[in-house]
Amino acid sequence: METLDYDAVVIGSGIAGLSFALRLARRGRSVCVVTKKDSAESNTNYAQGGIAAVTSATDDFDLHVADTLAAGDGLCDEEVVRAIVAEGPERVREIVELGVEFSRLEGGDYSLGKEGGHSKRRVLHVQDMTGRAIEEALLRAVAAEERISLREHCMGIDLLTTRKLKKFGFHSEDPVNRVVGLYAYDREAGGVIALRCGAVLLATGGAGQVYQFTTNPPIATGDGIAMAYRAGAEVRNLEFVQFHPTAFFSPEGERFLISEAVRGEGALLRNADGEAFMEHYHPRRDLAPRDIVARAIDAEMKRSGARFVSLDLTARSAGEIAARFPAIDHHCRKHGYAPDKDWIPVVPAAHYLCGGVTTHLTGETTLAGLYACGEVAHTGLHGANRLASNSLLEALVLAARAVDTVEERLAHAEPLPVNLPAWVDGNVSDSDERVVLIHNWHELRRTLWDYMGIVRSTKRLERARARIELLSREINDYYWNFRVEPMLLELRNMVEVAGLMVACALQRKESRGLHHTLDHPSHLPEAHDTVLQGR
Ligand code: FAD
Ligand code: SIN
C-alpha cells in the first residue's frame, strides 16, 4: 500500500475544500486535496442564486443577522451568525480578487438578488451560474499553487485515528483519540492508498442523494458525516433537511433547480387552479422562508392531487429572462417551456442538509485533528432552516478560520505514527451480486423520500428506521466480503447517514423549521439541538 505524507489532507474540492487548501498552502504548508470525481464536480458548481453578504449601503449586518435568525426558527447560534455575517464582505472581496466577476448593474454597482427570507437585496451572483464561476476561479488558483497536490477520482474511505492504530500495536502516551490520516480508494493507483498528515479537513458537502428526488449532483452522498461518525466525532441536527421549493418537474425524475432568485424577480407560484396561493400562507408570500414555501406547495399538491405546481414568470420579457437567468432559460426551453410565455412546472426536492458534523467557529470538530467546513459541518449558523445563499458564505468564512486554527495546531503537533496498517480488502468481486447494491440504492432513496419528507410522523419515521436497519445489515455484509469500489463505499455512507438522520428526527419531539411532524405540531418551549455521539 502506497503511503503519502502531507501537512494536511482536504477531502473535497468544492468551495470549502479549495478555499481552505489555497489559504493553507499560501502559509507554506503542503496540502493534498482528494476528490472522488472530476475536480469541479460538487454542489458548489451548481449554485445558482449566489452568495449572501452585506455589500450595499442600504443593508447592514444587523438585518442580515435578523433574517438568518428568523429563518432558523429559534435554533441558530447567534454568536456564530454574527461572526459569519460580519466576516462575509471581506471573504467576498477575496474571491473577487481571485477573478470571480459578480454581475453588475449598468451604473457599476453589484446587481443584488433577493431570495426567500431576506429583507433586503443582498445576494451577489454571476447571472444564475454563481457556483460555476466560483469553482472555476478556485480551481485556477489551486492549479497555480505548487504546494497543493490535487488527486481526482480519489475517494476517502475512512479516517485513520490513533484509537484504530492502537489495535494494530501503535503506542502513544496521548489518551486523546486523534486523526492522523485517511485511507482512500485511488483510481490511478488501482486500489487503496494511505495519506498521513497532522490535520484532515472534511469538505465533502451534503447528502441530497439519500433522497429519491434532489437538486444535488451524484457526489452528495454524505461521506464526510459517515466517516466522521465512524471515527468517533459528534454529529447534530441531521433531521433538518431543506427541501428547495422549486425544482423543475420532469416525469423522468431529474430535478434541475429553478433558483429562488426567480421569485425575487417577481415570479409567482400558482396552484392547479391557477391561483397565486402563497398569500394564504405567509405575509412575505412567494418570498417567505423556504420551509414555509415548500410546505405550502406540498399542501397544495396534496389538496389538488396534482403532480406539480407552476411558477409564473411571464411578467418578464424573454430578453430580461435570458440576460438574468440564462441557464434556467436554456433548461426550460430545452424541455419545451418558454418562461416568458409558459408557466414552469415545479416541485420541492431535497436540497441542503442544515445539520452535520459538530464544528466550532475555529473549524474544529469534537475529534482532535479533524476539521470541517461547508455543508458537511454544523456550526449553528442555519438553525432549523438555512437562509437562502448563506451556505457559500459560511463555507468561505469557516475555511479561513479553520486555516488559522490548523496552522497553529500544526506548529505544536504530536509525532505521527511511523507505520500505518495495510488496508485489508475483501478479495472477491462478484458482479452478479451487484444487483443487491443497485436495489438497495433505490430502496434507500425511496424510503427517505416517502417516510422522512417535508411532512413527517413518528409512525413513518419508525418505518424508515426499520427499513434502514435491514438495508444497513445487507450493505455492510457486502462491504466486509467484497472488494471495495466507489458505489459500494457511497452506499455504505448513504445508509449510515440516513440512519443518523432518522435517529435525529425521532429524537425531536416538536415541529420546528424544516422538521414538521404531525405527532408534535408545535414548538417545545426550549430550543435544543439533537446530538449523536460518534461511534
Ligand atoms: P461541495 O461543493 O458539495 O463539494 C464537496 C466535494 O467533496 C466534492 O468535490 C465531492 O466530490 C467531494 N467528496 C465528497 N465525498 C468525498 C469522498 N468520500 N472522497 C473524496 N471526495 C469527496 N448555496 C448558496 O449559498 N447559494 C446558492 O446559490 C446555492 N445554490 C445551490 C444550487 C444547487 C443546485 C445546489 C445543489 C446547492 C446550492 N447551494 C447554494 C448550496 C451550496 O451550493 C452548497 O451547500 C455548497 O456549495 C457546499 O460546498 P462544499 O464545499 O461544502 O461542498
Ligand atoms: C437558489 O438559487 O434558489 C439556491 C440558493 C440556495 O440554496 O442557497
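The table below gives the values:
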quantity	calculated
Kirkwood estimate for the chain, i.e. one over the average of 1/r between Cα atoms, Å	23.5 Å
Per-peptide average of other Cβ atoms within 10 Å, ordering 172-178, 334-340 highest first	334-340, 172-178
Exposure proxy ranking, count of Cβ atoms within 10 Å, fewest first, for Val54, Val406	Val54, Val406
Neighbour-count order for Ser56, Ser391, fewest beta carbons within 10 angstrom listed first	Ser56, Ser391
Proximal charge balance of Val126 [Cβ under 13 Å; K/R count +1, D/E count -1]	-1
Cα-Cα pairs of the stretch 193-272 separated by more than 16 Å (percent)	66 percent
Straight-distance crosslink candidates among lysines, where the alpha carbon sits under 30 Å from Lys37 and sequence neighbours closer than 8 are dropped	Lys164, Lys334
Aspartates and glutamates whose Cα lies under 17 Å from that of Lys459, excluding same-chain neighbours fewer than 8 positions away	Glu239, Asp450, Glu469, Glu510, Asp519
Neighbour net charge for Asp291 - beta-carbon separation under 10 angstrom, K R +1, D E -1	+3
Residue order, fewest to most surrounding Cβ atoms within 10 angstrom, among His282, His412	His412, His282
Sparsely packed trypsin sites (Lys or Arg not before Pro) within the stretch 336-431, loop by DSSP, other Cβ within 10 Å at most 15	Lys341
Computed magnitude of the charge dipole of the stretch 235-290 (debye, nearest 20; Cβ of K, R +1, Cβ of D, E -1)	260 debye
Cβ-defined net charge surrounding Ala16, 11 Å radius [Lys, Arg +1; Asp, Glu -1]	-2
Anisotropy class of the stretch 335-436 from Cα gyration tensor, a/c 1.5 cut	oblate
Nearest 10 degrees, 0 to 90: helix 78-97 Cα axis against the chain principal axis	90 degrees
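Coordinate-derived values only; no laboratory data. Predicted, not measured: the structure shown is a model, and the values here were computed from it. Ideal geometry is used to build each Cβ from the backbone, glycine not excepted, and the neighbour counts take in all protein chains shown.
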